[in-house]
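The values are calculated or read from the model by the stated rules, or taken from the named source; none is laboratory data. Every value quoted in this text rests on a predicted model; they were computed, and no experiment measured them. Positions of Cβ are backbone-derived with ideal geometry, glycine not excepted, and every protein chain shown enters the neighbour counts. In case anyone asks, the SASA skips ligands and DNA or RNA and just uses the protein heavy atoms, side chains included. Shrake-Rupley method; radii C 1.70, N 1.55, O 1.52, S 1.80 Å.
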Amino acid sequence: MDKERMDGRVIVITGGSSGMGAAMAKDFSKRGAKIAVYDLNKEKGQQIVDEIKAKGNIAEFFKVDVTNKQAIEDATNQVEIQLGPLTNWVNSAGISRMVPFLDCSEELWNLTLNVNLKATFLCCQVAISHMLNNGKGEIVNMCSLSGKKPSSWQTIYCASKFGVLGLTQSIAKEFADKNIRLNCICPGIVHTEMWDKLKYEYAKKRNLDPEEVLPYFEKQIPMHRLVDLQDVINAAVFLLTDNSSYLTGQSINLVGGEWMD
Ligand SMILES: NC(=O)c1ccc[n+]([C@@H]2O[C@H](COP(=O)([O-])OP(=O)(O)OC[C@H]3O[C@@H](n4cnc5c(N)ncnc54)[C@H](O)[C@@H]3O)[C@@H](O)[C@H]2O)c1
């Protein structure tokens, strides 16, 4: 049997309307998984789901604000009714801004910590309560190189992603003997909608033209390329399937050699 198939799996992907979440939703559905996309952006999420259905595969969109526990619980109960018992969850919803530390507002702190860290906590709680009933489960939390490596102008984002790592490791320990595994993916720069916006902020930080920002990073990275969506998909498939059955509380650095810890 192909060990990278995902037949019979029911996978929630938060942030599945865009970027890495959308790429994973499309890929996993081709491997036989049924996908539930949770996102605030209904229009883009519905487009992804329609694309998946047009290929004869199964997916549903749920408009969920992942900072709201009741909304996560309601959607997940619906997922189990419509798609079957939950087997996997990917927390990919996230936001990022680059702002000098002294200009960071309390509002930006609250928003970033809520979406990147609190929502991961809430989603893991809901996911695990279902997975315990189902006897097994695997969760992937999208962390970041910024979950390990500090960056000026990204203080709040780094704080949230360092938190995601500690959260994931601690939950992984608690449920290691319950057949529930949690791991992180820590990518460097992936050219998604997130960087379409961030490149303007980074350009200010380095006094570059926005169009020079991504080529500038490519030069700095030892492999001289950014992360491909396929790199993220490959790591996620590995972590969500039995290929990684002895891994929990770990993090895969997708950084082209930039960081080795
Ligand atoms: N792009 C990168 O370079 C990069 C690198 C490392 C880590 N990451 C992390 O990977 C994850 C995915 O990043 P991406 O580049 O695909 O981002 P993206 O901006 O393309 O997509 C993020 C999605 O999250 C959704 N979202 C935001 N707030 C939400 C909320 N409250 N409830 C529900 N959905 C919400 C957005 O609507 C969007 O569809 C994020 O956690 C990000 O921090 C990104």
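Is region 177-199 home to any residue that is in the same structural domain as Ile139 (by TED's automatic domain parsing) and assigned to a helix (DSSP H, G or I)?
yes
Are any of the residues in region 204-215 among the aliphatic types (A, V, I, L, M), in contact (Cβ under 8 Å) with a residue 60 or more places away in the chain and surrounded by 15 or more Cβ atoms within 10 Å (Cβ to Cβ)?
Within region 204-215 (the criterion being among the aliphatic types (A, V, I, L, M), in contact (Cβ under 8 Å) with a residue 60 or more places away in the chain and surrounded by 15 or more Cβ atoms within 10 Å (Cβ to Cβ)), the answer is no, since none of the residues qualifies.
Among (1) among the charged types (D, E, K, R); (2) away from the ligand (no atom under 12 Å from the Cβ); (3) outside any loop (DSSP other than H, G, I, E, B); (4) over 17 Å from Ala127 (Cα atoms), which single condition is Lys161 missing?
With respect to (1) among the charged types (D, E, K, R); (2) away from the ligand (no atom under 12 Å from the Cβ); (3) outside any loop (DSSP other than H, G, I, E, B); (4) over 17 Å from Ala127 (Cα atoms), Lys161 is out only on (2).
Limited to region 119-152, what total is found for residues that are over 23 Å from Asp65 (Cβ atoms), within 15 Å of the ligand (Cβ to nearest atom) and hydrophobic (A, V, I, L, M, F, W, C)?
Total meeting the criteria: 1.
Given the criteria farther than 20 Å from Cys124 by Cα and either in contact with a strand residue (DSSP E or B) (Cβ under 7 Å, 6 or more places away or on another chain) or part of a loop (DSSP other than H, G, I, E, B) (or both), does Ile11 qualify?
When the stated conditions are applied, Ile11 does not pass them.
Output the number of residues of region 1-22 satisfying the condition of being within 13 Å of the ligand (Cβ to nearest atom) and either open to solvent by 20 Å² or more (accessible area, probe 1.4 Å) or more than 12 Å from the chain's Cα centre (by Cα) (or both).
2
Out of region 61-109, which residues are in a strand (DSSP E or B), within 15 Å of the ligand (Cβ to nearest atom) and crowded, with 16+ Cβ neighbours inside 10 Å?
Passing the criteria: Phe61, Phe62, Trp89, Val90, Asn91.
Tally time: how many residues in region 30-50 are more than 7 Å from the ligand (Cβ to nearest atom) and assigned to a strand (DSSP E or B)?
Within region 30-50, residues that are more than 7 Å from the ligand (Cβ to nearest atom) and assigned to a strand (DSSP E or B) number 4.
Give me a count of the residues in region 147-168 that are out of contact with any strand residue (DSSP E or B) (no Cβ under 8 Å at 6 or more places or on another chain) and surrounded by fewer than 22 Cβ atoms within 10 Å (Cβ to Cβ).
So the count comes out to 11.
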